[in-house]
Amino acid sequence: MAETIQRKLNDSPAARWTALLLIASTMFFGYMFVDLMSPLQSMIEAQRGWTPDVFGMYGSSEFILNVFGFLILAGIILDKMGVRFTGVMACGLMVGGALLKAYAVSPLFPEGGMLFGFKTQMWMAGLGFAIFGMGAEICGITVSKVIVKWFTGHELALALGLQVAMARLGTAAALFFSPRIAAAWGGISYPVFFGALALCIGLLAYLVYCVMDRRLDKSIAAAQGEEEEGFKLSDIKFVVTNKGFWLIALLCLMFYAGVFPFLKFAAQLMIYKYGVDPVMAGDIPAILPFGTILLTPLFGSLYDRIGKGATLMVVGAMMLVAVHVLFALPILNEWWFALIVMVLLGIAFSLVPSAMWPSVPKIIPQKQLGTAYALIFYVQNIGLMCVPMLIGWVIDRYAKFTLPDGNVSYDFTAPMWIFALFGIVAVVLVSYTIQPVLFRMLITSQTEKGGAPYTLGSLVNTAYAFGLFVTGCQLLQALIFTLWPLPMARRRKQRIVQWSIHHMTRGFLRAMVTTKTIRLNEPGERFEKPAVVIANHQSFIDILVLLSICPKAVMVTNGWVWRSPVFGRIVRYLGFYHAADGYERLAPALAQKVAEGYSVIVFPEGTRSADGKIGRFHKGAFYLAGELGLDILPICLYGNGMISSKRQPIYIKH
């Protein structure tokens, strides 16, 4: 055992802390670039004419590519390709996006262009920021997986806390140095160019880490003796069906929506509410990251020793509410009070991440961590994209006013209450409402009624299945409408629609990739001769199955099928028959269909079985067989009720 431990590189404290220093340096420069323009909002408004709603639109651009699915794809790439490939790709995107943004805000970019009501300069800067933001979030999930890889079984929460601390130090550096560089050099583009060059240093640091990571993989392979099972796309199901995972994702959304977007407008808050000099306006918000530099590792170490992660997260969320309420209230509009409140926000901002991020590896296996972190960051990015747009719009419409001397000022009461609301939602909904209510609604109440518990995977499967079904019905109705004016016999039109239904139901069943279909037909029945086809009835799916195997058939249906707003018109057009009319009255009409070569499908139980057991057969099908002189062709359907039952008719399990 001692020999095995010596061969694993991450068991060396010097090696794992060196690896942490390298990747944390990359994140330091990334977070520094994120907030370089946050303390420059007043200067940007004066020099470039960017109003708060324009600035909010620009701030939201950082997350737009992530929200549209690139981040989830990156998580899958991370689990499939590994941390070296994904990390270098992310650093390259950050550098490229940063250079494009730096060009857009520089004097080199031509002034005067407009697109969709906004300056082309804002669009170009937003494009660069979006590319950078995609790289930064991919880098974030990669670094999180790297730390789990090196520190599992060691100081995991402390390492994650220190990485967060380094990132916050980057934010503090941006808030402190950016306005000073811009004031000294006389332009907003200089801090951005400086940040882009710093990202190149971060890329070099990650390339050095890649050398260490390759050595770590070799040492782990030598210690384990066999390669660990790799990531498969089917592993995503485990992540998305984990209730604890979604609880963490929801808390992440609400908590970070009350922090990061706030920092983008915090400098303006200091200027217009607390009377801070514009050059110094970024200093008080910089207290937030400086506080987390010390406290996040401290709380992480505490979590390593005693646990209590849920308690730490709830306390942090409650402190977030208190902070924004204090900023919203018209009391003590002094810089020292703002400083104290910002310290409290720093404590809250340390409590939640120190417990939240180490909680993910406890419920998700390491090979799926990239996908899990990507999904959490994806949910987070939705809030981080939308909230700055919302706050910028609120400030521009409801917080902006003109002073008697003609100068513009702002009242930040409304935006602060919005930020406080996010914290309230995080505390109340996550801790006391959403989890127990959803558990009762989706799990307990369903099992009490004899049904299956609702899971996210099955709900997605249900939406997919009914989406396909409804789309198919609409296409069939469009086909009927198209055929209506054509000069051909109605029977021929019905045959075309019947042929279409047969092939569409076959395609539908094949498209249900989560369900395996087995057909046992030992006699080799080809359904070419008219017959009375009878089958047991467990599910709505039975209808689709029989139509898929009987190419030329009409069906005797119940009233709900006949009256359905989705497919009732199709059923009536094809000449299906309503069982309520009575089999004695149906026999003569069905004789005509039989003469045309149609079989007759009947469910002799008369209704779907609630428990899957075959019920008593009614005599109608056998009466028709005798009257029409047809053979009875029995078909046994098994398992459809396990997929969609009578108790849960619009829920497709998998």
Original post:
Among (1) touching a residue at least 12 places away in the same chain (Cβ under 8 Å); (2) assigned to a loop (DSSP other than H, G, I, E, B); (3) not polar (S, T, N, Q), which single condition is ILE518 missing?
Top reply: (1)
Original post:
Only one of these conditions is not met by GLU137: (1) open to solvent by 30 Å² or more (accessible area, probe 1.4 Å); (2) of a type in the set (Asp, Glu); (3) within 27 Å of the chain's Cα centre (by Cα). Which number is it?
Top reply: (1)
**OP:** Hey, could you check segment 313-338 for residues that are under 20 Å from ILE424 (Cβ atoms) and small (Gly, Ala, Ser) and say which is surrounded by the fewest Cβ atoms within 10 Å (Cβ to Cβ)?
**Re:** ALA322
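Name the residue that is farthest from GLY153 (Cα to Cα), counting only residues in segment 1-48 that are outside any helix (DSSP H, G or I) and at pLDDT 70 or above.
The qualifying residue farthest from GLY153 (Cα to Cα) is MET37.
The values are calculated or read from the model by the stated rules, or taken from the named source; none is laboratory data. Only a predicted model underlies this, so the values are computations on that prediction, with no experimental measurement involved. Note that each Cβ is placed from the backbone with ideal geometry, even for glycine, and that neighbours are counted across all protein chains shown. Accessible surface is based on the protein model in full, side chains and every heavy atom, while ligands, DNA and RNA are left aside. Shrake-Rupley method; radii C 1.70, N 1.55, O 1.52, S 1.80 Å.
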